[in-house]
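Since the structure comes first, as structure tokens, the remarks are kept for the end.
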């Protein structure tokens, strides 16, 4: 039996976090999501520092680019350079459709780049497609024992 995937949502928009969670809950694949609202907290969560000492290692990270403190590009760069974190797939999910952002994120090791649609129905469709692929079809790295 497949265990529930752990997802870390990194976005400074609580409305986007809430909508992501709502749409993800519609999918048939088991998951558990946690969220943080800035890049510094994302790295603390991933490194299990401070308030996040007991955080579970995510199987998938959904990362916005435009974050306070450390932006998504900086988070992506740091986690893909960290041997303990580099294997975690990262889906960049952001409003930017700029080719420079797309290219830079793939250079930094992003596994997928999705642009947040401007309307609700397209947003739902994109998140459902992401969930179906990453939680249903993709083989994620097996969790290592702590």
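Every number in this text was worked out from the coordinates using simple rules, so none of it is lab data. For clarity, every value in this text was computed on a predicted model and none was experimentally measured. Cβ placement follows ideal geometry from the backbone for every residue including glycine, while neighbour counts extend to all protein chains displayed.
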Quiz item: Given a Förster distance of 35 angstrom, what is the FRET efficiency for residue 81 paired with residue 28, based on the Cβ-Cβ distance and rounded to 0.05?
Solution: 0.50
Quiz item: Could the peptides 67-75, 114-122 be put in order, highest first, of the mean number of other beta-carbon atoms found within 10 Å of their residues?
Solution: 67-75, 114-122
Quiz item: Using alpha-carbon pairs under 8 Å, 6+ residues apart, how would you state the relative contact order of the stretch 10-137 in percent?
Solution: 26
Practice problem: Work out how far the C-alpha atoms of the stretch 28-146 reach from end to end along every principal axis, then list the three figures in whole Å, largest first. | Solution: 39, 33, 24
Quiz item: Hey, how much of the P(r) for the stretch 51-104 falls beyond 13 Å, as a percent of Cα pairs?
Solution: 65
Quiz item: With each run of n ≥ 4 DSSP H residues scored as -39500 (n - 2.57), what mean residue ellipticity at 222 nm is computed for the chain after dividing by its residue count and rounding to the nearest 500 deg cm²/dmol?
Solution: -10000 deg cm²/dmol
